[in-house]
Amino acid sequence: MPGQEDQAPLAGIRIVAIAQGVASAYAARLLATMGARVLLVEPAGGSPLRREPPFLPGPSGEETEVSALFAYLAAGVDSAVIDLASSSGREALDQHLAEADIFFDDTPPGERAAVALDEAGIAARFPRLLHVSVLPFGAQGDKAGWKGADLIVQHAGGEGNLLPNGLAVEMFPGRAPLKIGGHFGEMQGGIAAALGALSALWARPEAGGQAVDISSQDAMLAVGAFAIQRLGDGSVEHRVERSFRYGGVIPCADGHLELLTLEQRQWDGLVRLLGSPDWATDPALASSIERGRRGPEINRHIREWASVRRVDDIVAEGQKLGVPLARYKSPAEILSGEQEAHRGLFQSIDMGGAGLLDVLVSPFHFGGAALSLRSGPPALAGMLEVTP
Amino acid sequence: MRPLQGIRIADFTVHNAGPFCTHLLSQLGAEVIKIESAMRLDAFRKPHPVYGREGPATFDQVASNKLSVRINLKKAEGVALAKRIVAASDVAAESFRPGVMDRLGLGYADLCAVREDIVMLSVSSSGQSGPDSHFAGYAPLFGAWGGLGELTGYADGPPVEIRHVMDHTVGMNAAVALMAALHRRRASGQGVHVDVAAREVAASLVGDLLLLAAAGGATARIGNAHPRMAPHGVYPAAGEDRWLALAVEDDAAWTALCGVMKRPDLASDPRFADGASRIRHRETLDSMVSHWSAGVEANAAAEQLQHAGVAAHASWTTPEIAADAHLRQRGAIVSVAEPDGTLRAAVGVPLRLSKGEDIGILRGTPRLGEHEDYVYGEILGMGRAERLALEAAEVIH
């Protein structure tokens, strides 16, 4: 909603965030994109996220000091440098918190009391504030003080042990299990924190402020819930057995595609896409249970067929026949994608020393329109001076 | 208190992504009315051989907590009945392919006509607009379209399909967007149509790497490695298929790891003196850590490492998670009762509220049409004769 910030869904909501890690920063970013004003409180020298590689190449290809991760997470937020070790710094933070609706904080639990960020103290000073703690293992429980990183929470949350599936595990069956790329696990913590904040804010007229305790492990587990469901059904999932019986990642002449047929009509479409060869029209394969049993054989045929064809040709033809197929797209293909351009997924914005770049805004549209970022990442200011 | 108490959702969603959204909101107190029909059962009431499952699940995580009513949307009277539920709701949620709700006569404009300030949520693979909006898709396809699949995998291997976690993160994102829309309605009195595109959610989870590519930087699959930390990976532990994940954040963590490995000599080895040196010697380090880790029990080693200040955890299997005391203390894992009274583990809502101790799963999967007395009788005020007539006409069916 360019130029219509006051109509953005969260216009008028004020947020303060302390974010040493991805989860807290992502929670704030999600809400900032929907119109909340976010103040990122950074220590002298800046948030550690500013120092996280890889760094963006500048307009002439030279490496800049702009972290891709920080630039993405902090686009659209304001920043203040505040030294919480000093009483004037703590007073400055309190002034911001007094005007805020939501406070995201990932300060390690053991360090909170020393900087007056403990739950009881915050609740006493700011009774209407939603105080959202965002930690790898949460603020309560036996592991509350445990350290985490994306890799750690993905493996503590279960999905790490269950990947890879399909082609990758077929090719490398003995290798270590694999995390999802990027910062998937930490971001789940951020998304859960955003949900917790908005839910608690909804209840504020009746309940007043409250503390929200987010654990990225819990969030990772929540999105992996089906493994727990299957356990209750009597089946322990394993990355090898969990692979789809047929379909999955299919190597083609110029890349990979994903194929998944769950419904009978989709299988019928696939048979037509393959040119109705004898093996596929075997009457026994009309039964989905038999197809499941003969999955490896089916995949051998599909892979042989696909190996000499181009991904886009297969996908275009298959989607017409109602077969769920997708190209494994590279970042460059996504950046130049027609669908993404039509949807306004990216916004060209000044990324500090890295110049004007396309940055992903949001996967949400409201009222048929894309959202917009109000700015790139904030520059690192000097120490905030507060007169006692 | 349950924070979303008082919000009612007419839930037309199917499969995983949309249902997980409304499932989360139901655990936070929203009243979710799942609209289904014997004519078109939700996927999780049906067998699914492609997953190797030949019978339906007895307990379905994403349907739990919801109320169930039957409506045959193929009949005009069914559509009219659905609109009566929408008129009594704050939110209508759906996850059909774009255009289906319009064709049914349940598009946003139709719903606004019966409830002016309705918030409508549409979850789809590629969004409600654009040249690919008609594409059919499931979780692994969202990951493929959005770049998450391409950026996941061993450095020398193929891309990896992202499974149910993809659907469920779409659902959790949708819950955030829906709550934002409800806040907007509270402030402005106006409803809105919220459009969540699953492939864009996948892309949003690698937004930093897309930005790197936009600047001309190179992206690649890097397995379990990290651009700044080494050692950083999943290492073999004692026992069959046992693994230990650890991440050395800084020099202090490196020194601590050397201590736990009983290799103080490595802490002063100039090859590993700082982060940049350790990245340069990543393969040597991985081999040293693997040599040590292969002889230790994963959970005991993780505890020892965490105590020493190193981020670490065993790569947990599902039974380990279901039995974990920490997750149980937090309500992240809860026990739910099957119809015959047996208890099973389920996943709770991933947040704790200081004033919301009663959030979470209250009921398991509803039977088809289980809550029609309440929904048709109490909410809509429908008499017995009208209900019987609608059943006879296969509208409530």
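Would you please give the residues with an amide H less than 5 Å from that of residue B:243, counting only those at least 5 places away or on a separate chain, with H modeled from the backbone geometry?
So residue B:243 has HN proximity to B:237, B:315.
So how tilted is helix B:164-188 from the main axis of chain B? Cα-based, degrees 0 to 90, rounded to 10.
60
What ratio of Cα Rg to 2.2 N^0.38 Å holds for the protein assembly as shown?
Here the Cα radius of gyration is 0.92 times the empirical estimate.
With axes computed from alpha carbons, what is the tilt in degrees of helix A:184-207 against the longest principal axis of chain A, rounded to the nearest 10 within 0 to 90?
50
Give the peptides B:318-330, A:267-279, B:170-182 in descending order of average Cβ contacts within 10 Å, highest first.
Ranked by mean Cβ neighbours within 10 Å, highest first: B:170-182, B:318-330, A:267-279.
Set the Förster distance to 60 Å, then compute FRET efficiency between residue B:363 and residue A:99 from the Cβ-Cβ distance, nearest 0.05.
Once the sixth-power term is evaluated, E becomes 0.90.
Over the stretch A:248-333, with the other protein chains present, what is the accessible area per residue in square angstrom, probe 1.4 angstrom?
44
When the accessible area of the stretch B:224-350 is computed with all protein chains present and a 1.4 Å probe, what percentage of it is carbon and sulfur?
It is 56 percent, rounded to a whole number.
For the interface of chains A and B, what total accessible area is buried with a 1.4 Å probe, rounded to the nearest 100 Å²?
In total, chains A and B hide about 12800 Å² from solvent.
Amide H of residue A:328: which non-local residues (sequence gap of 5 or more, or other chain) have their own amide H closer than 5 Å, using H built in the peptide plane?
A:256, A:257, A:258
Could I have the simple spin-label model distance between residue B:102 and residue A:241, label points 7 Å from Cα toward Cβ, reported in nm to one decimal?
Distance between label points: 4.6 nm.
Report the extension gain between residue A:330 and residue A:51 in nm, rounded to one decimal, defined as 0.36 nm multiplied by the number of residues separating them, less their alpha carbon distance.
Separation in residues times 0.36 nm, less the Cα-Cα distance, equals 97.9 nm.
Based on Cβ point charges of +1 for Lys and Arg and -1 for Asp and Glu, what charge dipole magnitude is obtained for the protein assembly as shown about its Cα centre, in debye rounded to the nearest 20?
That gives a dipole near 1160 debye.
For residue A:78 paired with residue A:350, estimate the spin-label separation in nm (one decimal), with each label point 7 Å from Cα along the Cα-to-Cβ line.
Result: 1.7 nm between the two label points.
Relative to the longest principal axis of chain A, what angle (0 to 90°, nearest 10) does the C-alpha long axis of helix A:311-320 take?
80
Give A:143/B:66; B:34/B:355; A:147/B:262; A:147/A:179; A:143/A:179 a once-over and call out the pairs whose C-alpha atoms are over 23 Å from each other.
With Cα atoms farther than 23 Å apart: A:143/B:66; B:34/B:355.
Enter the mean number of other protein chain beta carbons within 10 Å of the beta carbon of each residue in A:231-240, as an integer.
Mean inter-chain Cβ contacts per residue within 10 Å come to 5.
Given R₀ = 51 Å, what would the calculated FRET efficiency be for residue A:123 paired with residue B:87, taking r from the Cβ atoms and rounding to 0.05?
The formula returns an efficiency of 0.80 here.
Once a ≥ b ≥ c are taken as the square roots of the eigenvalues of the Cα gyration tensor of chain B, is the result rounded (a/c under 1.5), prolate (a/b larger than b/c) or oblate (a/b not larger than b/c)?
Because a/c hits 1.5 or more and a/b exceeds b/c, chain B counts as prolate.
Using mean Cβ contacts within 10 Å as the protection proxy, how do A:192-202, B:287-297, A:93-103, A:111-121 order, highest first?
In decreasing order of mean packing, A:192-202, B:287-297, A:93-103, A:111-121 become A:192-202, A:93-103, B:287-297, A:111-121.
How big is the charge dipole of the stretch B:224-350 about its Cα centre, in debye rounded to the nearest 20, if each Lys and Arg gets +1 on its Cβ and each Asp and Glu gets -1 on its Cβ?
240
Once the dipole of chain B is set up with Lys and Arg at +1 and Asp and Glu at -1 on Cβ about the Cα centre, which of B:323, B:257, B:337 lies farthest towards its positive end?
Highest projection toward the positive end goes to B:337.
Which GluC sites (Glu not before Pro) does the stretch A:1-96 hold that lie in a coil by DSSP with at most 11 other beta carbons within 10 Å?
Loop-located and lightly packed - A:62.
Going by amide H atoms built from the backbone, whose H comes under 5 Å of the H on residue B:8, apart from near neighbours?
B:31, B:90, B:91
What is the distance in Å between the Cα centroid of the stretch A:176-245 and that of the stretch A:319-388?
24
Within a 10 angstrom radius of each residue's Cβ in B:221-228, how many Cβ atoms of other chains show up on average? Whole number is fine.
Partner Cβ neighbours, averaged per residue: 5.
Under 19 Å from a point placed 7 Å out from the Cα of residue B:394 along the Cα-to-Cβ direction: which residues of the stretch B:79-100 have their backbone N that close?
Only B:79-82 pass the distance filter.
What spacing in nm lies between the two simple spin-label points modelled at residue A:114 and residue A:341, each 7 Å away from Cα in the Cβ direction?
Result for the modelled spin labels: 5.4 nm.
Can you work out the FRET efficiency for the pair residue B:337 and residue A:60, with r the C-beta to C-beta distance and R0 = 45 Å, to the nearest 0.05?
Efficiency, rounded to the nearest 0.05: 0.10.
How big is the gap, in Å, between the Cα center of the stretch A:280-317 and the Cα center of the stretch A:1-71?
Here the answer is 45 Å between Cα centres.
Hey, what number do you get for the protein assembly as shown at 222 nm if only DSSP H runs of n ≥ 4 count, each worth -39500 (n - 2.57), divided across all residues, to the nearest 500?
After summing the helix terms and dividing by the residues of the protein assembly as shown, the value is -10500 deg cm²/dmol.
The values are calculated or read from the model by the stated rules, or taken from the named source; none is laboratory data. If you're wondering where the values come from, they're calculated on a predicted model, not measured in any experiment. Here the Cβ is made from the backbone with ideal geometry for all residues, glycine too, and neighbour counts use every protein chain on show. Note: areas computed on protein heavy atoms with side chains; ligands, DNA, RNA excluded. Shrake-Rupley method; radii C 1.70, N 1.55, O 1.52, S 1.80 Å.
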